[in-house]
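The values are calculated or read from the model by the stated rules, or taken from the named source; none is laboratory data. As the structure is a computational prediction, the values presented were derived from the model and not from experiment. Reconstructed Cβ throughout: ideal geometry from the backbone, glycine too, with neighbour counts over all protein chains shown.
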Amino acid sequence: MKIFILFALIFLYSCSDNISSNKEISNYNYEKAWTNLDKGKSLNAFFEFGKAKDDFLKNKDSLGVGKCLMNMGIILCDKGDYFGAQETSLEARKYLNEDKKLNYNYINANYNNLGVASFNLKDYKNSIKFYDLAIQFSEQISDKHIYLNNKALTLQKTHSYTDAIKIYNKIIKETAQNKIDYSRALTNLTYTKWLQNPNYNPIPELQKALKIRVKEKDNWGLNSSYAHLADYYIKNNKDSALLYAKKMFDVSRQIKGPDDQIEALQKLIILDPKNYSLHFNRYEFLSDSLQTARNKAKNQFALIRYETEKNKADFLKAKAESTEKQSKIIVRNIIVVALIISLIFGYFYYRRRQKRLQQEKLLEVKNTELKYSKKIHDRVANRIYQIMSQVENTETVDKNALLFGLENVYETTRDISYENKDINESHNFHEQLHNMLDSYSSERVTIIYNGNNENVWEGVNFQTKTETYLILQELMTNMKKHSQADKVFLKFSKENNYINISYTDNGVGFSDNLPKNGLQNMENRINSINGKINFDTETNNLLKINLTFPI
C-alpha cells in the first residue's frame, strides 16, 4: 500500500520542478539544488535548498522561502524522517500565501507532504485533514486524483470503508482512459470491498487490474496486485498465497523497494516454513539495513540543519561583536559571574534535594513493604487458609468449587504481583527482559526478537522499564493463554528519543487474543509513561501491536 504514497512523492518532485522552471529564477543556489535533485543527490539538494532559503529571506521573497522549505520537507519525508518533514512543511506553510492562486501548486504539494508524513506516523486524523486541504487547493484533475487516492487509503486504514469506496468509485469514473491510474483505483476499490466484507470475492477485479498492469509493464502496480492477492489467498489457499508472495518479492527487488521486500518476506516466513530460516535471515538483514540507512540519512539531514543554523548564528554574532565589542565584553562578564553564582547555589540545592529524595525513597520502600505484607496476609493467606479448612472439614470435595477458589487466589496474587517491581534495578534490564520473553517459548511456540540490547535501553528511567516489562509480560501471557499462535516476532528500536516495540503473532487475532482486563492493564500502563499502543489486525491476517513511548 505504500506504493500509492510513493506515486504522490514522485509526482510532487516533477510538479515542483515544472513549476520552478516556468518562472524566472535569479537564485543560483535554488537552481543548483534542482540540478542535484535531478541527479538523485538528495542530500546535496537539501543543503542547497537551505542556502537558497536564506538568500530568499534576505530578498524578502516569501514564495521563494516557502518553495525551498516545501522541497526540503518532501526530501525528508522521502528519506523516512517524518517528524522532520512535518516540522519543515509546517514552517513552509507560513510563507505560502493561500490568498494567491500563484501559490496553489506549492500549497497543495506542501499539504500533501504533511498528509504523507502524518500517515506514516499513524496520525490518520491529521493526515485526512491535510489531504482535504491539498484537494481544496488543487486546480488540476491529476493532482486531485493523487490526493483523493491518498485520502481513501487513509480512510481504509481507519476502517472507514464506505467513505473510501465512494472516493475510489469517483476516481475510476474519471480515469477510465488512463490504464495505469484506472488499474490502481480498481485494485484499491476491490481490496477495500474485501476488507469491508470478507465474504466478497475480489479475485475477478484483482485479476483484471493485474492483466492491465502486466500489459502496461507497471512494476509498481504489479507489486501492489501481488500483495493484495497474497493477502486474500492466505486463509483459504496457501499455495496461491505463496506463489503471489514470491512474485511480490521478485518484483519488489526489481523496483528496489525495501519496504515492499520486507512485507513480502513477512508473508514468506509464514507461508514457506521449509525455507523459514532463509526468509527470516533476509528479513532481519534487510530490516536492519533499511533502519540503519534511514537513521544515517536522518542524522545527515539533521547535521546539515544544525550546521546551517550554526553558521548563521556565528555570522550574526561576529557582526554584533564588531559593532558593540566593548558592551559585549561587559555583558559576557556579567553572564559568567551570574552563571558561577547560579552553579554554586544550584550545587547546594541539588545536594539538599538529593538527600531529601533519598530519605523519601527509603520511606516509600518501607511503606511499600508494609502495604504488600498486609495485602498478602489479608487477601492471600487468609483465603488459602479458608480453602484448606474447607477441604479438611468436608468429606466430599467439590472439585469445581476447589478449582474456582484456587483460581481466585491466583488472580489475587497476580494482581498484587503486577503492582510490585518485577525487575531488579541493579541488573541489566535487557537481560531480564530477555529471560522473561524466553520463558514463554516452547516446542509449540517460537518467539523471535531482535534489537533488545543495552543501547536501546540507555537513558530510559527505571519506572518506564518496569511498565514496559509488565506490558510485555501481560501481552505474552495473553498470547500463551488465548492467541493459539505458534510464531511471535518482537522488534525493539530507538528513534528520535522514542522507543518503538513492534509485536506480531499469527494467532486468532485481536478480538479473541486480548481479554478486556489485559487490554485495560496495558493501556493504563502505556498511558502512565506517556506512550501509545496501536493495534492492527487487518494486515496479512496477523495480529500486530506497536508500542511507542518517549525515553
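Looking across the stretch 481-511, just one residue is charged (D, E, K, R), without any contact (Cβ under 8 Å) to a residue 60 or more places away in the chain and within 14 Å of Thr548 (Cβ to Cβ), and that is Lys494. Listed conditions (1) at pLDDT below 75; (2) under 30 Å from Lys58 (Cα atoms); (3) of a type in the set (S, T, N, Q) are all met by Gln326, apart from (1). Scanning the stretch 452-464 for residues that are of a type outside the set (A, V, I, L, M, F, W, C) and without any contact (Cβ under 8 Å) to a residue 60 or more places away in the chain turns up Asn452, Asn453, Glu454, Asn455, Glu458, Asn461. Across the stretch 90-105, the number of residues qualifying as of a type in the set (S, T, N, Q) and either under 30 Å from Ser289 (Cβ atoms) or without any contact (Cβ under 8 Å) to a residue 60 or more places away in the chain (or both) comes to 2. Pairing each residue of the stretch 146-170 that is assigned by TED's automatic domain parsing to the domain that holds Asn112 and free of Cβ contacts under 8 Å to residues at least 24 places away in the same chain with any residue that is part of a helix (DSSP H, G or I) and hydrophobic (A, V, I, L, M, F, W, C), provided the two are 6+ apart or on different chains, yields C-beta distances under 8 Å for Leu148/Ile135; Leu148/Ile167; Leu148/Ile171. Please find, within the stretch 496-517, the residue that is modelled with the lowest pLDDT out of those that are assigned to a helix (DSSP H, G or I) and surrounded by fewer than 17 Cβ atoms within 10 Å (Cβ to Cβ). Residue satisfying both the conditions and the ranking: Asp512. Considered as a group, the residues in the stretch 465-485 that are over 21 Å from Ser528 (Cα atoms) and of a type in the set (Lys, Arg) include one that is nearest to the chain's Cα centre (by Cα), and that residue is Lys480.
Picking from residues in the stretch 132-191 that are in contact with a Leu (Cβ under 7 Å, 6 or more places away or on another chain) and aromatic (Phe, Trp, Tyr), the one that is farthest from Asn110 (Cα to Cα) is Tyr161. The residues of the stretch 77-108 that are small (Gly, Ala, Ser) and more than 18 Å from Ser42 (Cα to Cα) amount to a single one, Ala92. Pick from the stretch 63-89 the residues that are assigned to a helix (DSSP H, G or I) and in contact (Cβ under 8 Å) with a residue 60 or more places away in the chain: which of them is surrounded by the most Cβ atoms within 10 Å (Cβ to Cβ)? Taking the candidates together, the pick is Ile74.
Within the stretch 447-491, the set of residues being under 24 Å from Glu284 (Cα atoms) and part of a loop (DSSP other than H, G, I, E, B) comprises Gly451, Asn452, Asn453, Glu454, Asn455, Val456, Trp457, Glu458, Ala485, Asp486.
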